[in-house]
Amino acid sequence: MDEDDKLARRFEASRPRLRAMAYRMLGSLSDADDAVQEGWLRAAGAGADDVTNLEGWFTTIVARVCLDMLRSRKSRREEPLDPDDATVSGFEPGYEQGPEQEAMLADSVGLAMLVVLDNLAPAERVAFVLHDTFGLPFGEIAAITGRTPASARQLASRARRRIQGSEQPRPRRARQREVAEAFLAAARGGDLSALIAVLDPDVELRADATASPSGVPVTIRGAAAVAGGARAAASRARYGRVALINGAPGLLMAPRGRLAVALAFTYSGDKISQIDVIADPGRLAALDLAVLDLAGLG
C-alpha cells in the first residue's frame, strides 16, 4: 500500500468524526459533507510526509474550511430557509441524506443549540464547538482561528455566555416552558382544544410581512382564531423547538438548523397572551436567543 492509499484510509476512518464536527459548526449535513470533502482535497494535495498527528491535522484542515464557509455565509447574509424545504443530499455518489435522518441528527445535537450557534460570530462558533464539544486545547484552536490562545479562550467563553443566556432563570419560566411545550405539542397534533387551553381568551397574534402568506403584516385576535391558525400550520410545527427568545420561552422553527421563523410568546399568568411571528431576516438576527436546558431550566 502506497502513502496516498494510507492517507486516504486514515482520512476515511476520521470522516464520521470530522462530519459530526462540521455539522455542529455549519448546521447543515450537505454543507458539512462539502467541508469534509474539501478538507480531503486539501489534505491529499498537501501531502502528509511530515505530519505526526494525522487526526489532529485533519481536524485543523476541516475546521479551517468550516470557518471560511461561515465567514462567507455571514458576508452573503443568506436568506432563511423555507420551513417546507427540507430536502438534503449527501456528498458521496449514491448517498441520499433524507430530511428524517437530518432531523434525527439535529435532535441529537439539539436543534435550538444549532440555531443559537448560528447567531454567533464565525470564530466564536468554531472555538466553542472545538473546545466544548470536541475538547481541543486552546493552543490548537488559536492556530485554526488565527488568534492567540488567550483570545481563543475568550472566544469560547463569550460563545458559552451567549448560548447559556445572560439572565438568571426565573422560577416562573419553568411553568412558561411547560405552556410553550404544550402549545407546540398541540400544534403538531392539530389539537384545537389543547391549543385554546394554553391561550389567553384575548390573545393577539402578529405576523410580520415575511411570515405572512399575503406578504403584508397580519394581526389575529382571540383564542379560537389563533388556535385555528396554529392547527392549520401543523405541518410546519414539526420543525419547532422550544428555546428562550428575548428571555421568555418561545418557539424556533429551523429546518436543517437554519432559523426560518420565531414565535415569541408573551405570557399572562399561565396563558399565552401575545404571539409575535417573526420571519424577517433583520428581526430574526436581532433576537436574543438562548438554549433552555443550558439556561438552567432543564
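Read-outs throughout are calculated quantities, based only on the coordinates presented, and are distinct from any laboratory measurement. Here the structure is a predicted model, which means the values were calculated and not measured. FYI the Cβ positions are ideal-geometry reconstructions off the backbone, even for glycines, and counts take in every protein chain you see.
Key figures for this structure:
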| item | result |
| --- | --- |
| Positive minus negative residues near residue 251 (Lys, Arg vs Asp, Glu; Cβ under 13 Å) | +3 |
| Two-site label geometry, residue 194 and residue 42: point separation in nm, points 7 Å out along Cα→Cβ | 4.6 |
| Length added when fully stretched, residue 246-residue 160, from 0.36 nm per residue minus Cα-Cα | 29.3 nm |
| Region 122-162: projected area of the alpha-carbon convex hull, averaged over directions, in nm² | 2.3 |
| Gain upon complete extension [residue 12, residue 273; 0.36 nm per residue less C-alpha separation] | 88.7 nm |
| Sites residue 151 and residue 71 - FRET efficiency at Förster radius 22 Å, r taken between beta-carbons, to 0.05 | 0.85 |
| Cβ-derived FRET efficiency at R0 35 Å, residue 178 paired with residue 134, nearest 0.05 | 0.55 |
